[in-house]
Amino acid sequence: MDSSVRNPQHMLFLVIGCLMVGQLGETIYLPAMPEMVIALECGTGDIQWILSAYLLGFGVCQFIYGPLSDFYGRRPIVLGSLGIYLIGSLLCVFTNHAKLLILGAFIAGAGIGSGGLMARTAMRDMFDGVALQRALALVGIAVVFTPMAAPVAGAYMLEQFGWRSNFVIFLIAGLAFMLLTYLKFEETNPYCREYPLSVMGSLRRYRTVITHPIFYGNMLCGMMNIAAIMSYELVAPFLFQKQMGFTPIAYAWFALIPVAGYLAGSACSGFLARFMSAENIAWVGNISVCLACVTLYIPIWINTYTLATILPQLILIMFGSGIIFSTTTAAALMPFRHESGIAGATIGGLQNIGAGALTGVMSLLEIETLTPLVHTLTISTIIGTLCFAAGCRGARRLPTPRPVVNKAMAA
């Protein structure tokens, strides 16, 4: 743990709060998407692209914020990027055109992407080993709980004030957290200016990080898992409201139920870390998600779409995801104490770019039904599991002991 931070636990929750602002922006408007199609006189795919654009902006700019935060420190980057987020939020609030709404979402995502970066880099600055994995378990809860809970607030805002009020929440949350960051955010990076800031130097450091087998195996596994979750969140409003007849509020409350699985998975990850390696814990998560995806074909085969035939599998997917997120993120970051900005940017950037690309393809196809969604979940999970297996094989060839074994961390 880094002693330069006076209160690491206080900073932990402040960083998680910054991340939650970004996660709020992903999904608070999801219950309003069918109504936005009518209000803006556009297609389903146009509205679905709002989420894709937000994720792409969120991911791409982390590759810029990473080296800058390693050189200048975490605090100034967070403050500056929150200003960008506010510009995008203002555009979303006042525009009446779907294309400008997509642009505003991209700008907002590009700004708040620093929150996703800090959730990894600041954690690595302050914590090591099992403590890092436990901190990232809390981050993982925020990553999934906030976008799952936000639609509940969004549904009530939609009912009372219309769809545009969801984007007003974007703006208010950004303003509030910018003030809180200015007053309370401590610098966590003790290695500022240790490396010269240059494009070629940053590219070499990115190459070092990305080609490390422990890193790429865990990072790609986490990326495909996040992409699968976001593909579900993209399709769910149309699946449950248009196909199954849910009201926006009923859909929003239903979306909260699978979060219980994620919370259980995060807790299970922390418990298993006491006596299992990170690699074996991640395998538990991958197998759980694979099993859930396979059993989701049952309601398709029997042509019966009800909560009883879909909900258990969604809970199991979230359970496995709760294990995967904290375990793979901690394992990927562990070898890079001095390059946590680069490593965190690569993880967050590629995870969100992958999710944005996948949801972008689904938006172009205007997917609204269960069958193509299940195909997407299954393929994403298989790819992620194969990438993890490849990383594990590469890690075994390393000449030094792997730093991802939690027994070694605890010792």
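Here, each number is a calculation from the coordinates, and none is a lab measurement. For clarity, every value in this text was computed on a predicted model and none was experimentally measured. Don't worry about glycine lacking a Cβ; one is built from the backbone with ideal geometry, like all the others, and counts go over all protein chains shown.
Data overview
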| item | result |
| --- | --- |
| Taking N as its residue count, the alpha carbon Rg of the chain over 2.2 N^0.38 Å | 0.93 |
| Rough spin-label spacing in nm, given labels placed 7 Å along Cα→Cβ, for Ala357 and Ala267 | 3.7 nm |
| Distance histogram in 5 Å bins (all Cα pairs of region 43-149, percent per bin) | 3, 12, 19, 19, 20, 14, 8, 4, 2, 0 |
| Orientation-averaged projected area, Cα convex hull of region 267-403 (nm²) | 9.8 nm² |
| Compactness of region 69-121 - radius of gyration and Dmax, Cα, Å | 12.5, 40 |
| Segments 35-47, 313-325 sorted - mean Cβ within 10 Å per residue, highest first | 313-325, 35-47 |
| Backbone N within region 150-171 under 20 Å of label point (7 Å from Thr247 Cα along the Cβ vector) | 150-166 |
| Rg and Dmax of region 205-315, Cα atoms only, in Å | 17.0, 51 |
| Segments 274-282, 221-229 sorted - mean Cβ within 10 Å per residue, highest first | 221-229, 274-282 |
| Cβ-derived FRET efficiency at R0 45 Å, Ala260 paired with Ala39, nearest 0.05 | 0.85 |
| 3J(HN,Hα) from dihedral phi, region 26-33, Karplus parametrisation 6.51/-1.76/1.60, rounded to Hz, x for glycine, proline | 5, 10, 4, 8, 4, x, 8, 4 |
